[in-house]
Amino acid sequence: MKGWKKTAVLMTAVLMAGVISPDPPKTDVTGFAGIHFIPGTLVVSATSSTQQKINEAEERREQLENEKEEQENELNQLQGEQKGLRKELNNLNAQLNQVVANLEELEQQIRDKEQEILETQVALEEAEAAERWQYECMVERARALYEMQDESYVNALLKEGSIAGVLNAADYIERVATYERQKMDEYTATRVYIQEQEARLQGEREDLDGLRLQAETEKDKVQGLIRQTANAIADYGDQIAEAEQHARDVEAKIKQEEENLETLRKQLAAEMALSKAAAQAAWRDISEVSFSENDRYLLANLIYCEAGGEPYEGKLAVGSVVINRVLSAKFPDTVLGVIYQKKQFSPVASGRLDLALTVNKANADCYRAADEAMSGMTNVGNCVFFRTPIPGLTGISIGGHIFY
């Protein structure tokens with residue numbers, strides 16, 4: 001507000017001093033009351049009025065809606081992946097339970113096998129002891145028979161008193177020897193069998209140890225997968241929480257944009273109402289207005305700021321809107337007052353107009369449009385507003401603006 005007041009004072013001083021030449025300034029511009037502005041190169045991109053703000057707000061809201069949709073899609077994807085991981089975690093836990101059960105069964109089998117081996121070792125020791133005892137008995141009898149003299153052996157047989165007794169005694173001795181050999185063979189076979197059983201049990205135990213090692217490895221693997229999956233679920237939980245917060249932030253921004261849009265739409269409605277009121281109110285004739293060179297300079301640079309990229313018809317239309325306001329009883333009655341009326345032309349609020357004035361950015365078409373507008377020529381009738389097009393806004397379409 002200070003900027004436009006300052007400019008208004010300067011322009012008034014210029015009007016009073018009459019120091020601006022009739023020809024448009026070139027580079028070194030004596031723009032206001034003999035104050036020389038040094039041409040600069042700073043150019044601020046054009047902004048629009050209420051409608052452009054509405055368009056920008058709607059575009060931001062649309063972007064936020066798209067961002068919200070993308071965020072929701074990402075959130076759904078994260079939740080789906082987390083759900084899949086939870087299912088995988090349940091499967092892994094079931095797999096771990098099975099592995100643990102198998103491991104416990106293997107441990108029991110190993111304990112049973114160790115008990116069998118222990119019992120077999122005890123039996124083997126007993127068999128070996130029996131075999132040694134039988135062997136010692138046989139050795140002892142063999143030694144006794146060897147040490148007996150032949151006649152003593154014959155005498156022992158003759159003591160029987162008959163051939164039958166002798167034969168019976170000899171047969172008895174033979175049977176004893178045969179029995180001892182059989183028992184020795186049995187003890188030996190038993191020992192060999194028990195040794196084979198022990199070897200078999202030891203082999204089975206080694207197999208069980210191998211299976212247990214595999215089960216332990218599988219258990220460690222599954223537990224590692226469980227930890228990894230649980231960590232992944234936790235990570236997804238963090239991402240989901242972050243995505244949900246982002247979605248809430250976007251929703252808040254959308255709500256804010258909607259509130260802003262509502263304010264802008266109310267402003268647009270007020271402008272439309274004012275436009276209708278202006279059309280029905282009193283209008284001065286162009287002949288009743290006196291314009292100065294300062295008005296021409298100011299209007300030409302405003303045209304440059306608002307329609308510098310538009311065709312000539314667009315430039316004339318902007319100039320016509322300013323002059324229509326000067327003629328309408330609903331607006332200030334001077335070019336200076338119209339252009340610097342609060343919140344009417346965005347190049348004023350942004351400072352772009354002041355920058356243009358310091359270096360006289362207006363070109364020949366801008367001055368031509370200003371001249372024709374100040375002469376009473378209009379290509380937009382009695383329109384007193386213009387903005388970028390929006391759905392539902394009717395009026396005269398010229399270039400990139402709707403005039404109403």
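The values are calculated or read from the model by the stated rules, or taken from the named source; none is laboratory data. These numbers were taken from a predicted model, which means no experiment stands behind them. Counting neighbours? That spans all protein chains shown, and the Cβs are built from the backbone with ideal geometry, glycine included. When the accessible area is computed, the model is the full protein with side chains, heavy atoms only, and any ligands, DNA or RNA have been set aside. Shrake-Rupley method; radii C 1.70, N 1.55, O 1.52, S 1.80 Å.
So what's the convex hull volume per residue for the Cα atoms of region 55-100, in Å³?
In region 55-100, the Cα hull volume divided by residue count equals 31 Å³.
Given a Förster radius of 30 Å and the C-beta distance between Glu65 and Ala269 as r, what FRET efficiency does 1/(1 + (r/R0)^6) yield to the nearest 0.05?
Efficiency computed from Cβ-Cβ geometry: 0.80.
Cα-Cα pairs above 11 Å in region 287-329: how many percent? Display every interim value, and only then the final one.
On the way: 594 of 903 pairs.
Summing the P(r) of region 287-329 above 11 Å gives 66 percent of all pairs.
Pop out the ³J(HN,Hα) list for region 389-401 in order, Karplus 6.51 cos²θ - 1.76 cosθ + 1.60 with θ = phi - 60°, rounded to Hz; leave Gly and Pro as x.
x, 9, x, x, 8, 10, x, 8, 9, 9, x, x, 10
Run the quick spin-label model on Glu126 and Ala177: label points 7 Å from Cα toward the beta carbon, then report their separation in nm to one decimal.
3.2
Determine, at each q value in 0.28 (inverse angstroms), the log₁₀ of I(q)/I(0) that the Debye formula gives when each Cα of region 248-297 is one equal point scatterer.
Here the Debye-derived log intensity ratios amount to -0.95.
Given a 1.4 Å probe and the protein chains all in place, what does the accessible area of Phe385 round to, in Å² to the nearest 10?
Here the accessible area works out near 10 Å².
Which of the pairs Lys266/Lys330; Lys53/Lys343; Lys253/Lys342; Lys53/Lys253; Lys113/Lys221; Lys113/Lys183 have their Cα atoms more than 22 Å apart in this structure? Present the calculation step by step, with values, prior to reporting the outcome.
Values: Lys266/Lys330 19 Å; Lys53/Lys343 12 Å; Lys253/Lys342 28 Å; Lys53/Lys253 16 Å; Lys113/Lys221 27 Å; Lys113/Lys183 30 Å.
Among Lys266/Lys330; Lys53/Lys343; Lys253/Lys342; Lys53/Lys253; Lys113/Lys221; Lys113/Lys183, the Cα-Cα distance tops 22 Å for Lys253/Lys342; Lys113/Lys221; Lys113/Lys183.
Normalised radius of gyration for region 251-404, please: alpha carbon Rg relative to 2.2 N^0.38 Å, two decimal places.
After normalising by residue count via 2.2 N^0.38 Å, the value is 1.06.
If you plug each phi of region 128-137 into the Karplus form 6.51 cos²θ - 1.76 cosθ + 1.60 with θ = phi - 60°, what whole-Hz ³J(HN,Hα) values come out, in order, with x for Gly and Pro?
5, 5, 5, 5, 5, 4, 4, 5, 5, 4
Answer rounded, prolate or oblate for region 329-404, using the Cα gyration tensor with square roots of eigenvalues a ≥ b ≥ c: rounded when a/c is under 1.5, else prolate when a/b is larger than b/c, else oblate. Please list the in-between numbers first.
Values: a/c = 1.41, a/b = 1.30, b/c = 1.08.
Rounded is the answer for region 329-404, as its axis ratio a/c remains below 1.5.
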